[in-house]
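Beneath this line is the structure, given in structure tokens, with notes to follow.
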Amino acid sequence: MPKYLRATVLSIAILLAIMPVFALAVPSTNFYKEGEGIFDDWDICRTNAAGEDGFFQISQTGFCPTILGESLGENAARAYHIGQQFAKDYPDKHQRAEKIFLFARDKVKYTSDADQFGFKEFAQNADELATTIEDKGYAYGDCEDYAILLAVMYKGADIRSAIVLAPDHAAALVYLLEYKKANRNLSINGESGWVWAEATGGNNPLGWMPERFMGAKLGVYEVENKAITKVETPAKPSTAVTTGGGSTGIHISPFFGVLAMMWLLSLFRRRRR
């Protein structure tokens with residue numbers, strides 16, 4: 001085989017080996033790195049739940065799951081529309097709530113953020129999970145991802161929902177008056193009728209509340225159907241967020257992948273002249 005052809009084949013092999021890495025990047029958001037955090041194009045830090053730019057804005061006085069606003073109101077997309085479809089298919093509110101819960105429980109496979117993204121913490125918005133489920137039939141996530149997805153789908157299905165924070169855990173709550181299958185009926189600000197939606201276990205039914213949280217101090221935030229607005233900021237270099245945990249593989253942006261392919265094509269054309 002001529003030397004130039006061997007070099008071209010080797011270059012193509014190297015390119016094909018590294019291209020799948022950026023193909024795994026989460027498609028619905030442009031991410032950038034600032035300090036130790038990874039931010040999305042709403043300027044929400046996906047790798048930290050606390051502080052003004054954290055995805056849950058946890059502080060000493062409470063919390064606000066601001067990441068929900070990426071999938072509600074004017075930003076409503078796949079997750080919200082899935083909830084709307086459940087509302088059309090299941091007029092009975094209790095049955096509708098159960099079907100939505102089973103959708104999240106059965107189609108999201110529990111995976112830690114460290115295993116999936118290589119970060120101790122990395123929150124996904126509801127539409128990222130919903131889009132992956134539609135494309136692949138399943139998605140991966142941890143407790144806050146389940147809670148975010150459920151909260152948005154329930155709002156789309158015209159069922160009140162909330163996010164609840166327990167020690168080292170997050171879950172969803174759903175408002176279902178006279179729901180008899182829950183092992184504990186909860187109250188928010190004196191209003192009873194809330195049940196726990198714990199979708200992280202493969203056999204959990206809607207309404208099952210883990211015993212370890214029954215006496216724990218909990219934080220609760222009822223979800224409002226409001227969008228958050230993208231803030232116009234100076235252009236920041238994007239960073240790839242890939243699945244697969246702490247992989248040491250090469251990370252390459254699509255832009256440089258296109259340049260590499262153009263270089264290979266030009267090299268091959270020159271050699272054939």
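Things worth noting here:
- Filtering segment 18-55 to residues that are among the aliphatic types (A, V, I, L, M) and modelled with pLDDT of 95 or more leaves I38, I44, A49, A50.
- Residue within segment 115-130 that is free of Cβ contacts under 8 Å to residues at least 40 places away in the same chain and either under 22 Å from F63 (Cα atoms) or under 17 Å from the mean Cα position of the chain (by Cα) (or both) present: no
- One residue from I58, I67 being of a type in the set (A, V, I, L, M), in contact with a helix residue (DSSP H, G or I) (Cβ under 7 Å, 6 or more places away or on another chain) and either at pLDDT 95 or above or surrounded by fewer than 13 Cβ atoms within 10 Å (Cβ to Cβ) (or both): I67
- Residue in segment 94-108 that is more than 21 Å from N203 (Cα to Cα) and assigned by TED's automatic domain parsing to the domain that holds Y138 present: no
- Leading residue by the ranking (farthest from S187 (Cα to Cα)) among those in segment 131-172 that are basic (K, R) and in contact (Cβ under 8 Å) with a residue 60 or more places away in the chain: K155
- Residue satisfying all of: in segment 202-217; of a type outside the set (A, V, I, L, M, F, W, C) and assigned to a loop (DSSP other than H, G, I, E, B); surrounded by the most Cβ atoms within 10 Å (Cβ to Cβ) among these: G207
- In segment 87-106 there is at least one residue that is buried (at least 17 other Cβ atoms within 10 Å of the Cβ), of a type in the set (V, I, T) and at pLDDT 95 or above.
- Subset of segment 160-189 (residues that are more than 18 Å from G83 (Cβ to Cβ) and assigned to a strand (DSSP E or B)): V164, L165, A166, H169, A170, L186, S187, I188
- Check on A199, crowded, with 19+ Cβ neighbours inside 10 Å, touching a residue at least 60 places away in the same chain (Cβ under 8 Å), in contact with a Leu (Cβ under 8 Å, 6 or more places away or on another chain) and part of a helix (DSSP H, G or I): no
The values are calculated or read from the model by the stated rules, or taken from the named source; none is laboratory data. Keep in mind it's a predicted model, so treat the numbers as computed, not measured. Please note: Cβ atoms are built from the backbone with ideal geometry, for glycine as well, and neighbour counts cover all protein chains shown.
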